[in-house]
Amino acid sequence: PLPRFVSLRSAQVNLRAGPGLRYPVDWTYVRRDLPVEVIAEFDEWRKIRDPDGVEGWVHQNMLAGRRMIFVRRNNATLRRTADEGASVAAWLEMGVIGRLLTCPGGSEYCRVEIEGFQGWLRRDEFWGVHRGETLN
């Protein structure tokens with residue numbers, strides 16, 4: 001289904017102006033596992049949007065189905081349970097990438113793993129999940 005979140009499979013991925021090798025490279029990502037949103041498809045090409053809102057085309061082989069997150073703000077609070085009053089497992093810096101584990105329906109928190117730490121992060125503190133999306 002569109003739109004959907006995926007992540008970059010490689011440490012170097014070219015973002016093109018259009019769906020094909022004949023189109024110029026507008027940008028090269030050098031961040032494996034960066035979450036991106038697939039917003040359109042054409043043959044084996046996928047139009048993506050990154051956490052900064054930049055859009056362009058990448059070959060489907062450069063994308064993985066791994067669900068990752070991108071922390072949106074400094075001092076984001078990774079909590080031990082999905083509760084505002086829960087103890088802090090870690091403070092996260094903006095730009096940190098982690099793995100999305102689960103997002104219960106109706107919860108403002110998702111369970112994530114970042115550099116060996118697991119915990120719960122508010123949905124508004126990261127990019128990589130749609131509003132109201134449930135992920136088991």
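The values are calculated or read from the model by the stated rules, or taken from the named source; none is laboratory data. None of these values were measured; they are calculated from a predicted model. Reconstructed Cβ throughout: ideal geometry from the backbone, glycine too, with neighbour counts over all protein chains shown. Protein only, heavy atoms only, side chains kept; ligands, DNA and RNA dropped before computing areas. Shrake-Rupley method; radii C 1.70, N 1.55, O 1.52, S 1.80 Å.
Sparse packing (at most 14 other Cβ atoms within 10 Å of the Cβ) combined with a DSSP loop state is found for the following trypsin sites (Lys or Arg not before Pro) in the stretch 1-44: R22. Solvent exposure of T77, expressed as accessible area, is near 20 Å², computed with a probe of 1.4 Å over the protein chains only.
Run the 1.4 Å probe and let me know the accessible area of F5, rounded to the nearest 10 Å². It works out to around 20 Å². Surface composition of the chain: carbon plus sulfur atoms contribute 47% of the solvent-accessible area (1.4 Å probe, protein chains only, all chains present). Here, P(r) means the percent of Cα pairs in each 5 Å bin from 0 to the largest distance; for the chain it is 2, 11, 20, 22, 17, 12, 8, 5, 2, 1, 0.
Close amide H pairs (under 5 Å, H built 1.01 Å from N) link F126 with R72, residues at least 5 positions away or on another chain. Per residue, the average separation of C-alpha pairs within less than 8 Å and at least 6 apart gives the chain a relative contact order of 20 percent. Taking θ as phi - 60° and the Karplus parameters 6.51, -1.76 and 1.60, the scalar couplings of the stretch 116-121 work out to x, 9, 10, x, 10, 10 Hz in sequence order, x denoting glycine and proline. Restricting the calculation to Cα atoms, the stretch 52-122 shows an Rg/Rh of 1.03 when the hydrodynamic-style radius is the Kirkwood one.
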